[in-house]
1. Please work out how much length the chain gains when fully extended from Ser116 to Glu233, using 0.36 nm per residue of separation minus the C-alpha to C-alpha distance, in nm with one decimal.
2. Residues with amide H under 5 Å of Asp261's amide H, sequence separation 5 or more or different chain, H placed in the peptide plane at 1.01 Å from N; which?
3. Give me D for segment 387-431 in µm² s⁻¹, whole number, from Stokes-Einstein with Rh from the Kirkwood sum over alpha-carbon pairs, 25 °C and 0.890 mPa s.
4. Excluding Asn51 itself, calculate the net charge of residues whose Cβ lies under 12 Å from the Cβ of Asn51, where each Lys or Arg counts +1 and each Asp or Glu counts -1.
5. Quick query: amide H of Phe219 versus all other amide H atoms, modeled in the peptide plane; which residues come in under 5 Å with a sequence gap of 5 or more or a different chain?
6. Which of the peptides 506-512, 178-184, 79-85 is most tightly packed, and how do the rest follow, judged by the mean count of other Cβ atoms within 10 Å per residue?
7. For segment 277-376, restrict the atom set to alpha-carbon positions and state the Rg and Dmax in Å.
8. What are the ³J(HN,Hα) values, in whole Hz, obtained from phi via the Karplus relation 6.51 cos²θ - 1.76 cosθ + 1.60 with θ = phi - 60°, for each residue of segment 36-45 in sequence order, with x given for Gly and Pro?
Amino acid sequence: MNHPLIQENKFVIPISYGSTEVIDTGKWGFQKPHTQFMTAPCQESCPAGNNIPQFLYLAQKGEYGNALLTILKENPFPGICGRVCFHPCEVSCNRDKYDESVSISALERYIFDTTSDQVPNLNPVQNVNGRGVAVVGSGPAGLSCAYFLRLLGHKVTVFEAYKEAGGIMTYGIPGYRLPKAIVKKEIARMIALGIEIKTGAKVGRDITFDALNEYDAVFLSIGAGIESPLGIEGEAFEKVMHGLDFLKRINSGSSIPGGQDVIVVGGGNTAMDVARSSIRNGCRVTIAYRRGRAEMPAIKDEIDDTEEEGARFEFLIQPVRIKMLSDKRLAVEFQRMKLGEPDASGRPRAIPVEGTDFIMETDYLITATGENVDLVSLPTDLIKNGLVYVDNFLRTKNAKMFAGGDVVDQPRTIVTAIGAGKKAAISIDLYLKGVPPEKMFSGIRVGDKGSLSFEAYTSGGRFEMNRAAQKVVTFDKLNTLYFEHTSRVKKRKLSREASLKSFQEVNLGLSAEEATTSVSRCFTCGTCNYCYNCYFFCPEGVIALDPIKGTKYVDYEHCKGCGTCAKSCPRNVVVMKEL
């Protein structure tokens, strides 16, 4: 206050007439911003390891062809998963903690449908050391394994017992959920890659198991096609049918007579498919399940749709005896149940209640209480507890044989089978190269729930060099200040009247406008979408972005490390690292 200029009320301002770039202000900071792509929770939860933020980002830009290619790098069945996947990705979606989850499944379907006239360039590796691999079974696990092995440059032959390839996708899921044209289109893409599929060729009937030894490696994915018996009196009556057999008849064009009473025993997706198919045949359907609604293993949407279409539910009952009446109807004796402590599956144990038996009459009883594996054709030393035993890399006791899908102990869903097929393909490729899998698998994992990145594998396990990419972006890491609350687009469906008259697909998918709205709701957690926040908010003007080339530049010589860019990043992509 004693300076003479101040005392004279003559303030001075320091002015440089040259460039301030000569001053390396970057040396003042002790931390610098870094762009670091991370794993979104939706991506971690997808058993197929789909790069969901990336394909939704490309869809946001209208690049649907590139979005499809991004999906196909990790999942050969976008059209199928977009229709019948139980979408664990949406349960884990960070947006669900903000308002409602993103419609990931519907968007995957939209990307597939809107690019149906395109032929994606999958560009298999030209592998001069490619080997011959046999795949037994053409369900989702077998075809996925074949697909990824072919992309790695191996020669693949698939053996399928039935007349058509696809397994459960072809014979087990009714057309109103999954049109056969979609399955055929996805399989045709694989055949175009050079995969040979021999249908009507059952191992143990048309080809001996020993003949598989001619191949350099074998993947066993024969599925679970034997219905679990009820083990009760009267089960052998002609009007008592197994759910999978019933669905195979439906998918082959035959059916049961209309106007009949049908009791479906079971609470899984097969039971829901049987019920809804029976309703379409004009039958009156009652679903009998031994636990409560909350314990049903079927997808919730499927349960709701089944009920909306007219099925009646009876919970906490179990059949104990079946008798044939004089009018050829069935008298099914049920016993009421109560819930007890959790069993091995984690669900409450169903306990019979003595003295509560009652009878329901019906024309048909269809069982859908689980499926077993036909192991007759397999060597006994591969089997343990009714399944093929494998280690963490899907290796059996036979060094050249691998197994996955329903034939091993894993969840029985299509997307889980796809993940198993990918895992087996990588394991087989490493086996053929003589490389131990432990280190590689650690480097290509997607988060911590078991999914793998095929793209990371083919790029030499780049996650090994960037382990931060495997970390999952949780909701509390996002800066939601820049997002607006919006509602999830409701599914469009065929009218009830129209849907019950045929097996026409019920879910109609998204319109172009709905897809644009839906995809704009994605936070793209952990993936930079060039929103320019870091550029606009940088007080030093040291950040440059090029969204066309997908590049970002930070002038570290002049960045003071204030951290404003990291704080303003909505997606936790910009992080500050100490020097």
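The values are calculated or read from the model by the stated rules, or taken from the named source; none is laboratory data. Note that the structure is predicted; figures quoted are calculated from it, not measured. Don't worry about glycine lacking a Cβ; one is built from the backbone with ideal geometry, like all the others, and counts go over all protein chains shown. In case anyone asks, the SASA skips ligands and DNA or RNA and just uses the protein heavy atoms, side chains included. Shrake-Rupley method; radii C 1.70, N 1.55, O 1.52, S 1.80 Å.
1. 37.0 nm
2. Arg284, Asp363, Tyr364
3. For these conditions, the coefficient is 236 µm²/s.
4. -3
5. When sequence neighbours closer than 5 places are left aside, the close amide H contacts are Ala134, Val135, Val136, Phe402.
6. 79-85, 178-184, 506-512
7. According to the Cα coordinates of segment 277-376, Rg and Dmax are 15.1, 43 Å.
8. Once rounded to whole Hz, the list reads 9, 5, 10, 8, 7, x, 5, 5, 5, 7.
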